[in-house]
Amino acid sequence: MDHAIDGLQVFFEMAYEDLANEWKSGKYKKLSDCPSFKEASAYRKAMNVLVKACYLPDYVQDHLIPPLSKRIREQFEVEKFWDR
């Protein structure tokens, strides 16, 4: 199953990058208003289902993809830190 997760990861990263750029543009009031939100969310959910099904319980939490809002927030905090 790792192959399925790895395959989805590629598409998730592309959708997430689009989402991050859309959110950064400032055109949208909510993250879920961004056009790429549904696609990125669907990949995240699918990958998390596979992680929960295929990994041992001790490893699941380490491999789950956090909510998109948390990931975006953390990414932008890092970017702001490096822009100083």
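The table for this structure:
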read-out: Pair list, Cβ < 9 Å and 6+ apart or interchain, from segment 57-84 residues that are exposed (fewer than 11 other Cβ atoms within 10 Å of the Cβ) to residues that are aromatic (F, W, Y) and part of a loop (DSSP other than H, G, I, E, B); value: D62/Y55
read-out: Some residue of segment 41-49 being touching a Ser or Thr at 6+ places or on another chain (Cβ under 7 Å), at pLDDT 95 or above, surrounded by 11 or more Cβ atoms within 10 Å (Cβ to Cβ) and hydrophobic (A, V, I, L, M, F, W, C); value: no
read-out: One residue from E74, E79 being under 17 Å from E17 (Cα atoms) and over 16 Å from the mean Cα position of the chain (by Cα); value: E79
read-out: Candidate set: segment 1-21, residues that are in contact with an Asp or Glu (Cβ under 9 Å, 6 or more places away or on another chain) and farther than 10 Å from Y43 by Cβ; chosen: the one surrounded by the fewest Cβ atoms within 10 Å (Cβ to Cβ); value: D18
read-out: Residue list for segment 21-36, restricted to those being in a loop (DSSP other than H, G, I, E, B) and either of a type in the set (V, I, T) or free of Cβ contacts under 8 Å to residues at least 12 places away in the same chain (or both); value: S25, G26, K27, Y28, K29, K30
read-out: Filter result for the condition that a residue is modelled with pLDDT under 95, of a type outside the set (G, A, S) and assigned to a helix (DSSP H, G or I), over D18, D62; value: D62
read-out: Of all residues in segment 25-40 being of a type in the set (D, E, K, R) and exposed (fewer than 14 other Cβ atoms within 10 Å of the Cβ), the one that is nearest to V60 (Cα to Cα); value: K38
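The values are calculated or read from the model by the stated rules, or taken from the named source; none is laboratory data. Everything numeric here is computed off the predicted structure, so don't read it as measured data. Cβ atoms come from the backbone with ideal geometry, glycine included; neighbour counts cover every protein chain shown.
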